[in-house]
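Student: So that we are looking at the same thing, I have put the structure below in structure tokens.
The values are calculated or read from the model by the stated rules, or taken from the named source; none is laboratory data. Remember, it's a predicted structure, so these values are computed and weren't measured experimentally. A quick note on method: Cβ atoms are made from the backbone with ideal geometry, for glycine too, and the neighbour counts reach across all protein chains shown.
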Amino acid sequence: MRRAGLAALVCALIACQEPQHEDAPIVGSLPRAEGPLDALSRRHARLRERMVARGYEERSPTARVFVIEDRGVVLPLDLEVGSCTTFVALASSALRDLRLTLYDREGEEAARDDVSGEGGLVHVCPDREPGGGRDAPFYLAIEARDGTGSVSIAEMHSQVGEGDGFEGLFDDVLAPRVPFPDVEARLAETRSALRARGLSPVDAPRVEWVGEGGALRMPMRFEGGQCYVATARGGAGTRDVDLFLFDPGGVEVGRDLGTDAEPTVEHCPEASGLFIVEARAFEGEGAIGVMVLAAPAAGFARQEPEEIAGALDAERSEAAAPDVALGVLAAELAARGFSAPVFASRDASIAPGETRMHEVVAGPGCALIVASASHAGMDVDLYLADATGRELDADTAMHATARVRACRAEATVLRVAVKAYGRDGRYALAVLGAPAAITGVQGLRLEEATAGPRARGYVEIERFAASLADSTPFSRDVVIPAGRCIAIAAAGAEGVDDVDLFLRDPTGALVASEAGPSSHATVSRCAGELETPLRLEAIAGDGGGEVQFAILEGGAP
């Protein structure tokens, strides 16, 4: 229906057009509405300068339109045939996802930019039709899929085959995604307290910057037979946030007008429908976050605001600052020759099952990337990848800390994915440079595998390497001198992400082992008054590969 309606509009407009003379100058077709000289116009000017430098001609003044979320603006255009036209658009930061679509006179889609973000570009080279004029009618649809705001559009021209393309055009021009760590941390604290009551998040929280007197509205479908808790948290600068809940008919069914920035509303609807949660910045301006959690109505116990506040206080007292916890690890690593931590994040919120992405710089040399959680009950996993997305290392052990490793000849940007399980909380992420003597990922892994025994005074007496087939045991006999202890550490080369170690006595009985999803492992055993013969077994999963072993010896405990 939409396409048919657009085609009818096209035909109606074309019937009213006067034919153009062949010798008339070609001018731009955008409406003349440049808008004010503000941050958006300055950023858009950088885009136009880049386009001109790449061989594209700016033919008309910049146009400025205002677009409302889930509604579009359509601009009728006359584009020159036999050449190419490019429309470059940039939205204000409040409009987070812009879509451009170019339609021809029949209402058929000629070009579309569907890449998420506040920038957009469509490029078309219309052919000359038999008996046609120098230009052809087109329609540019500008839609806001997330947010509301102004959009600046430039019209650029080039001949077919000319111009240097559009790769990297928007680099350093798009407004950066502004994180609100304080609000996210407060929402995470609240989420943990509400989970303890049996509530589960309905959807991801929504966090936006709101001016004083402004509001953040979040539509949410409520189901009958469920109870819902809507809560809002304000960041720095928001001194008083009020929260309202409206039913499908627009009737207010709940409110919290307290004088703080932590309002909460509870509601158990009798029937299903689309409700509206609205948080208003009554005093001050800044970031406001809203989230909704739900639980079955049967057995749901309402809580007074004082009870909710008490649960939040208990949650806060239990949590530890994740950057402080990471600092303790860093102190241990410093004693082993690692550099001071360079933080990628000191205090980021994360929910169970959620993944957060970071970019870190490793090199020149080797580096250890470490994450530490705010609660002992959290399980943090790390995944390290290069710029192409190829996985380099991972740590998926069930622990409140995680470590991955990388070595690069020069400073290189790498991607780190942080994933959490167990409970809501926060984490810190940092990069620590390795000692200069370590020249590869396998060396980093072996250093970590031998760190414990070395701290207990063990001394390395032998090192060797072996190539292990996938899941095929490698074995070797070892002998523990009387009254002494040994530790055997193993570390896989880059790409060998699962190494397991086993020690067996002469009868085949297992006396020590370390097996798990880790690229390195360590086992130890002590002898009594007589020397003790043992058999070492090692298995490398995930395809096998080279494994390096170190044998360390120490005195009996």
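Student: Assess whether Asp135 counts as being surrounded by fewer than 19 Cβ atoms within 10 Å (Cβ to Cβ) and either on the phi < 0 side of the Ramachandran plot or in contact with a Gly (Cβ under 8 Å, 6 or more places away or on another chain) (or both).
Tutor: Answer is no for this residue.
Student: Of the conditions (1) under 15 Å from Leu194 (Cβ atoms); (2) hydrophobic (A, V, I, L, M, F, W, C); (3) at pLDDT 90 or above, Ile276 fails just one. Which one is it?
Tutor: With (1) under 15 Å from Leu194 (Cβ atoms); (2) hydrophobic (A, V, I, L, M, F, W, C); (3) at pLDDT 90 or above applied to Ile276, the lone miss is (1).
Student: How many residues, within the range 200-222, are touching a Lys or Arg at 6+ places or on another chain (Cβ under 9 Å) and either more than 24 Å from Ser349 (Cα to Cα) or free of Cβ contacts under 8 Å to residues at least 60 places away in the same chain (or both)?
Tutor: Total satisfying the criteria: 2.
Student: Considering only the range 475-499, state which residues are over 18 Å from Val404 (Cβ atoms), crowded, with 18+ Cβ neighbours inside 10 Å, in contact (Cβ under 8 Å) with a residue 60 or more places away in the chain and not small (Gly, Ala, Ser).
Tutor: Answer for the range 475-499, where residues must be over 18 Å from Val404 (Cβ atoms), crowded, with 18+ Cβ neighbours inside 10 Å, in contact (Cβ under 8 Å) with a residue 60 or more places away in the chain and not small (Gly, Ala, Ser): Cys485, Ile486, Ile488.
Student: State whether one or more residues within the range 427-446 are in a helix (DSSP H, G or I) and in contact with a His (Cβ under 8 Å, 6 or more places away or on another chain).
Tutor: Yes; the residues of the range 427-446 include at least one that is in a helix (DSSP H, G or I) and in contact with a His (Cβ under 8 Å, 6 or more places away or on another chain).
Student: Considering only residues that are crowded, with 16+ Cβ neighbours inside 10 Å and farther than 17 Å from Asp477 by Cβ, which ones fall in the range 527-538?
Tutor: none
Student: Any chance the range 114-129 includes a residue that's free of Cβ contacts under 8 Å to residues at least 40 places away in the same chain, in a strand (DSSP E or B) and in contact with a Ser or Thr (Cβ under 6 Å, 6 or more places away or on another chain)? Please lay out each step first, then the result.
Tutor: Just the residues of the range 114-129 that are free of Cβ contacts under 8 Å to residues at least 40 places away in the same chain, to begin with: 114-116, 120, 122.
Of the ones still in play, those that are also in a strand (DSSP E or B) are 120, 122.
With in contact with a Ser or Thr (Cβ under 6 Å, 6 or more places away or on another chain) added as a condition, the list becomes none.
Checking the range 114-129: not a single residue is free of Cβ contacts under 8 Å to residues at least 40 places away in the same chain, in a strand (DSSP E or B) and in contact with a Ser or Thr (Cβ under 6 Å, 6 or more places away or on another chain).
Student: Please verify whether Ala344 is part of a strand (DSSP E or B) and in contact with a His (Cβ under 8 Å, 6 or more places away or on another chain), treating the condition exactly as stated.
Tutor: yes
Student: Give the residue, chosen from Thr388, Thr401, Thr412, that is farther than 30 Å from Ala188 by Cβ and modelled with pLDDT of 90 or more.
Tutor: Step by step, each of Thr388, Thr401, Thr412 is checked, and only Thr412 is farther than 30 Å from Ala188 by Cβ and modelled with pLDDT of 90 or more.
Student: Quick one: is Ala367 among the small types (Gly, Ala, Ser), crowded, with 19+ Cβ neighbours inside 10 Å and under 21 Å from Glu447 (Cα atoms)? Talk me through it step by step, then tell me what you get.
Tutor: Values: among the small types (Gly, Ala, Ser): yes; crowded, with 19+ Cβ neighbours inside 10 Å: yes; under 21 Å from Glu447 (Cα atoms): yes.
It is true that Ala367 is among the small types (Gly, Ala, Ser), crowded, with 19+ Cβ neighbours inside 10 Å and under 21 Å from Glu447 (Cα atoms).
Student: Let me confirm something: among Asp114, Asp135, which residue is acidic (Asp, Glu), at pLDDT below 90 and over 23 Å from Phe170 (Cα atoms)?
Tutor: Values: Asp114 fails: over 23 Å from Phe170 (Cα atoms).
Exactly one of Asp114, Asp135 is acidic (Asp, Glu), at pLDDT below 90 and over 23 Å from Phe170 (Cα atoms), namely Asp135.
Student: Find all pairs meeting these conditions: Cβ atoms under 8 angstrom apart; at least six residues apart or on different chains; first residue within the range 349-377 and outside the structural domain of Ala411 (by TED's automatic domain parsing) and hydroxyl-bearing (Ser, Thr, Tyr); second residue assigned to a loop (DSSP other than H, G, I, E, B) and modelled with pLDDT of 85 or more.
Tutor: none
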